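**Q** To start, I am sharing the structure in question, which I have written as C-alpha cells.
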Amino acid sequence: MAAAFSFETRDDIWRLRVSGEWRARFLGDIDEDLRKFQADSVGHDLIIDLDDLTGLDTAGAMVLQRVMRACTARTTASHFRGGSRAHRALIEHVEPHLQPCPVEPPWRDPFLLLLNRLGRGAYGAYISGIKILSFIGVVVTTLARVARDPKRLRVTSIAHHMEEAGLDAMPIIGLVSFLVGAVVAYMGAKTLKIFNAEIFTVELVGLSVLREFGVLLAAILLAGRSGSAFTAQIGSMKIREEIDAMRTLGLDPIEVLVLPRTIALVLMTPILAFLAAMLGLIGGGLVAAQALDVSPVLFLARMEESITISNFWAGIIKAPFFAFIIAVVGCFQGMEVEGSAESLGQRTTLSVVQSLFLVIVIDAFFAMFYLEIDF
Amino acid sequence: MLNGGDQALDADAAIISIRGLKTQFDSVVIHDDLDLDLMRGEILGVVGGSGTGKSVLMRAIIGLKRPTAGTVRVFGEDFYRVGEAGRLAIERRWGVLFQGGALFSSLTVAQNVMAPIREHLNVSDKLAEEMAALKISMAGLPPDAGAKYPSELSGGMRKRAGLARALALDPEIVFLDEPTAGLDPIGAAQFDELIVNLKNSLGLTVFMVTHDLDSLYADCDRIAVLAENRVIEIGPLEEVRRADHAWIREYFAGPRGRAAGMSHA
Ligand SMILES: Nc1ncnc2c1ncn2[C@@H]1O[C@H](COP(=O)(O)OP(=O)(O)OP(=O)(O)O)[C@@H](O)[C@H]1O
Ligand SMILES: [Mg+2]
C-alpha cells in the first residue's frame, strides 16, 4: 500500500496523519503535496500521528523529520505520536543526519569560467610546450648516458615494442598506402587527361608517394596506433603507482619505459615508411595500368628516367624524426596522467592530437628546408 | 524487523542460501560444492587466506560471476533463474560496497549516491538530494564531502562514500568487501561501529568479507571460514575459534588473533 497522509487543524494545533508504507519508492507520489503542507504548517504546532503507518524506511523517516523540523517556531507541543517502537526508533535515528549537503561544486559565473578556461588553456599550452621540451631533454640525456653504458639498454623491451608498434602495424599501413597511391593515380589521370598528359601520372604518383605520402601515412597511423598505446600503457602504470614504485626501487622510468619505446619506434618507422612508399607505388602503378594502359614495365621505366633516388631519401629521412616525436609525446602524456581513469582518457586523446600536429609541423619545416637547399 | 516490516514473521529464515556452488576460471576451480546460509538480520563475517575466493564468492552471489553449478537463492528465489525483471527486483533490495569503493569518478559523491535513487525511484531532484544528504551523513561523512569528486577523497572517505551509495535504496542486505582494509585503527573502529549501528537501527543483514580480526570480534554474529574451495567452518565466533583446523588455529592463536581476542574479551 502506497504512502498517504491527511491533516486537520484543531485548537491551532495541526495534526498530520500518515498511513501506508512510507518507503523511498512511494515517496515520489506524495512529496509535492507534502511540501505544500510543510510550507503551510510553518509557525504552527504540529503533531504527526504514526498509528496507521505500516512500513517505514530511512527516506520516509527523513521526510517526516523534515516536516517536523520545517520551522523553529514549534513549541514542545509538537511531537510524533503513536506508531510502533521500531518506527519511532528509526525516526529518531535519522534526526541528526538532516543537514543538507551540496551536490555540485559551487556555482560560478559562466563568463568568468569562459575567461578562466581561455587563460588556463593558453597558459597550459605554454607550460606543456616547455614541459615537452624539457622531457625531450631528459630523454636525450638519458639516451646519452645509456649509450656510454650499452649494457643498460633493454634489448628485450626494444624488440617487444618493435614487434608491437612496428611489425603489427604493417598490414594496416600497407593497405592504407596502397589505397592512397591508387587514389592519387586516379585523380592525376583524370586531371592530366584534360591536357593529354596522362603519362605524367607516373611522376605525380612517384613524387608525392615517395616524398610525402608514404612517410606521412606511416606517421599518422603510428600516432593513432602506437602513440596512444604508449600513453595508455604508461598512464595506467602511473595510476597504479607503478612508476612511483620504480623510482623508489632505483629504476629510472625514462630508461625503463621511455627509451625502449622511443628507440623501437625510431628503428621501425623508416622500415614502415619504406613499406608504405612501395605499396603506394604499387597502388598507383595498378591504377595506371588499368585506367591509362601504362603497362607496369613502362611505369617503372618512366619512373627510373624521371624520378631521382634523392626523392626517396627526402621522404625516408623524415621518418626517424616523426617517430621520435610520436614516441616522446606518447610517453610524455602517459607520464602526465594523474589519479583518475578520466585523466587517462584525456591524455590519450591529447597524445594523438599533439603528435599529429607536431608531425605535420615538422613536415612543413622539412618542405621549406628542402625548397631552400633545392633537394 | 524494522526495514523488513512485513517479512518479520520469517525472522529465522535464511535470506540467502547457497547450495552446491561451484565457480571456476577456465579450469581453475575456486569453489566446489560450497554451502552457505545468510540469516535475516545477522552480520556474517567471511574470512579466509588471500586468494581463497572470498571476493569471488561475493561476486557469485550478487550476479557478477556466474557459477558453473549450484544454486543461489535470494529472498527465496533462484537468483540465476528468475529472469531479467526478477533479478532487477532483487538487485534493488541489496547494496554492495566493493573492495576499492568503485565510485563513479566523473560524479561527485552526492551524485554518486543519487545515481541509484534517480535510476530506480520516481522522485523529484529535490527529494533525491535530501535522500543523498541523509545517506552521506549516516555513512559518517561531513556535508561538504557531497560536492567533492572521488579523486579528492582519502581512502577512508571513499569507503564511506561507497557505503553511502550502497545504502541509497535502503537495502535489506549489504555486501561489504573488506570495508576496513586500508583504514587507520580509529577509522576502522568507527566504521565497525557504524555498521553495527546501521544494522541495529535499519535491521540490515550484512555479508562482510574481512581480514580485520577486530572487525570480526566487534561486528559479526557468525563467521564463515573459507578454505579448500568451500566453507570449512561456520558459526558464532566462540565455536569457530575452537574448531580443529590448522589455518583456523593459526588465524586465531597467532599474535594478532590473540591480541584482538583479548581486547574484546
Ligand atoms: N578474473 C579472474 N580471472 C582468473 N582468476 C581469477 C579472477 N578473479 C579471481 N581469480 C582467482 O580466484 C581466486 C580467488 O580470488 P579472490 O579475489 O576471490 O580472493 P580473495 O579471497 O578475495 O583474496 P583477498 O583476500 O586477497 O582479496 C584467486 O586465486 C584468483 O587468482
Ligand atoms: Mg578480495
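The values are calculated or read from the model by the stated rules, or taken from the named source; none is laboratory data. Small disclaimer: the values here were computed from a predicted structure and weren't measured. Quick reminder, even Gly has a Cβ in these numbers, built from the backbone with ideal geometry, and neighbours come from all protein chains shown. Areas reflect the complete protein model, heavy atoms only, side chains present, ligands, DNA and RNA absent. Shrake-Rupley method; radii C 1.70, N 1.55, O 1.52, S 1.80 Å.
**Q** Sort out for me the Cα centre separation of the stretch B:147-206 from the stretch A:48-107, rounded to whole Å.
**A** 22
**Q** Now, a different point. If DNA, RNA and ligands are ignored and the probe is 1.4 Å, what is the ranking of A:Met246, B:Met114, A:Met1 by accessible area, most exposed first?
**A** Per-residue accessible area, sorted high to low, gives A:Met1, A:Met246, B:Met114.
**Q** Here is a further query. Only counting protein heavy atoms at a 1.4 Å probe, give the residues of the stretch B:122-153, ordered by number, whose accessible area falls by 40 Å² or more when the other protein chains are present relative to the chain alone.
**A** B:Asn122, B:Leu127, B:Glu130, B:Met131, B:Ala133, B:Leu134, B:Ser137, B:Met138, B:Pro143, B:Ala147
**Q** Using a cut-off of under 13 Å, list every residue of the stretch A:217-236 whose amide N is near the label point 7 Å from the Cα of A:His160 along the Cα-to-beta-carbon line.
**A** Counting only backbone N, you get A:233-234.
**Q** For A:Lys151, list the aspartates and glutamates whose Cα falls under 15 Å from its own Cα; do not include residues on the same chain fewer than 8 positions away.
**A** Within the straight-line limit of under 15 Å, A:Lys151 reaches these aspartates and glutamates: A:Asp252, A:Glu255.
**Q** Roll a 1.4 angstrom probe over the protein heavy atoms and tell me the percent of accessible area of the stretch A:238-307 that is carbon or sulfur.
**A** 64
**Q** Which order do the peptides A:290-301, B:51-62 take when ranked by the mean count of other beta-carbon atoms within 10 Å per residue, highest first?
**A** B:51-62, A:290-301
**Q** Under 18 Å from the Cα of B:Lys135, which aspartates and glutamates turn up, not counting those fewer than eight places away in the same chain?
**A** Counting by Cα, and skipping residues close in sequence, B:Lys135 has these aspartates and glutamates nearby: A:Asp57, A:Glu92, A:Glu95, A:Glu104, B:Glu119, B:Asp125, B:Asp144, B:Asp170, B:Glu172, B:Asp192, B:Glu193.
**Q** On to the next question. Is the stretch B:46-141 rounded, prolate or oblate when judged by the Cα gyration tensor, a ≥ b ≥ c being the square roots of its eigenvalues, rounded requiring a/c under 1.5 and prolate requiring a/b larger than b/c? It would help to have the intermediate numbers written out before the result.
**A** Details: a/c = 2.67, a/b = 1.48, b/c = 1.80.
Oblate is the answer for the stretch B:46-141, as a/c is 1.5 or above yet b/c matches or exceeds a/b.
**Q** So how far, in whole Å, is the C-alpha centre of the stretch B:45-109 from the one of the stretch A:217-256?
**A** 35
**Q** Going down the table (B:Lys54/B:Lys159; B:Lys22/B:Lys148; A:Lys36/B:Lys199), which pairs top 30 Å between alpha carbons? Don't skip to the answer; put the middle values down first.
**A** Working: B:Lys54/B:Lys159 18 Å; B:Lys22/B:Lys148 41 Å; A:Lys36/B:Lys199 34 Å.
Beyond 30 Å between Cα atoms: B:Lys22/B:Lys148; A:Lys36/B:Lys199.
**Q** So which residue, out of B:Asp78, B:Asp184, B:Asp170, gets the largest mean-square fluctuation from a GNM of chain B using Cα contacts under 10 Å as springs?
**A** B:Asp184
**Q** Describe numerically, in nm with one decimal, the distance between label points set 7 Å from Cα along Cα→Cβ at A:Val256 and at B:Glu239.
**A** So the label points at A:Val256 and B:Glu239 sit 5.0 nm apart.
**Q** Work out from phi, with θ = phi - 60° and the Karplus expression 6.51 cos²θ - 1.76 cosθ + 1.60, the ³J(HN,Hα) of each residue of the stretch B:151-162, listed in order in whole Hz, and give x for Gly and Pro.
**A** 5, 8, 9, 7, x, x, 5, 5, 4, 5, 5, x
**Q** Given H placed on each backbone N at 1.01 Å, which residues far from B:Gln24 in sequence or on other chains put an amide H within less than 5 Å of it?
**A** B:Ile30, B:Thr68
**Q** Please compute the average number of Cβ atoms from other chains found within 10 Å of each residue's Cβ in peptide A:92-100. Don't skip to the answer; put the middle values down first.
**A** On the way: counts 1, 7, 5, 0, 2, 9, 4, 6, 11.
Per residue, the number of nearby Cβ atoms from other chains is 5 on average.
**Q** To continue, here is another question. Between A:Thr141 and A:Thr54, what is the spin-label point distance in nm, taking each point 7 Å from the Cα along the Cα→C-beta axis?
**A** A separation of 7.7 nm, rounded to one decimal place.
**Q** Averaged over peptide A:333-344, how many Cβ atoms belonging to another chain are found within 10 Å of each residue's Cβ?
**A** 2
**Q** Compute the long axis of helix A:85-94 from its Cα atoms, compare it with the longest principal axis of the Cα atoms of chain A, and write down the angle in degrees, 0 to 90, nearest 10.
**A** On a 0 to 90 degree scale, this one is about 50.
**Q** Which residues' amide hydrogens lie under 5 Å from the amide hydrogen of A:Asp49, considering only partners 5 or more residues apart or on another chain, with H built in the peptide plane?
**A** A:Leu16, A:Arg17, A:Val18, A:Arg81
**Q** Averaged over its residues, how many other protein chain Cβ atoms are within 10 Å of peptide A:49-58's Cβ atoms?
**A** Values: counts 0, 0, 0, 0, 1, 2, 5, 4, 9, 12.
Counting other chains' Cβ atoms within 10 Å and averaging over A:49-58 gives 3.
**Q** Can I ask one more? What accessible area per residue, rounded to a whole number of Å², is obtained for chain B using a probe radius of 1.4 Å? The partial results should precede the final answer.
**A** Numbers: 11190 Å² over 265 residues.
Per residue, chain B has an accessible area of 42 Å².
**Q** Output the peptides A:362-369, B:90-97 sorted from most to least packed, where packing is the average of other Cβ atoms within 10 Å over each peptide's residues.
**A** Ranked from most to least packed, the peptides come out as B:90-97, A:362-369.
**Q** Using alpha-carbon pairs under 8 Å, 6+ residues apart, how would you state the relative contact order of chain B in percent?
**A** Rounded, it is 24 percent for chain B.
**Q** Excluding residues on the same chain fewer than 8 positions from A:Lys318, give the lysines whose Cα lies under 26 Å from its Cα.
**A** Result set, ordered by chain and number: A:Lys131.
**Q** Please list B:25-33, A:61-69 highest first by mean number of surrounding beta-carbon atoms within 10 Å per residue.
**A** Taking the mean over residues of other Cβ atoms within 10 Å, the ranking is A:61-69, B:25-33.
**Q** Then there's this: Computed on protein heavy atoms with a 1.4 Å probe, what is the summed buried accessible area for the chain pair A and B, in Å² to the nearest 100?
**A** Counting protein atoms only, the buried area is about 2700 Å².
**Q** Taking 7 Å along the Cα-to-C-beta vector as the label spot, tell me the A:Arg117-A:Ile373 distance in nanometres, rounded to one decimal.
**A** Taking the simple label geometry, A:Arg117 and A:Ile373 are separated by 4.4 nm.
**Q** Keeping the other protein chains in place, figure out the carbon and sulfur percent of the accessible area of chain B, with a 1.4 Å probe.
**A** 49
**Q** Pop the C-beta distance of A:Ile239 and B:Arg81 into the FRET formula with R0 = 51 Å and round what comes out to the nearest 0.05.
**A** 0.85
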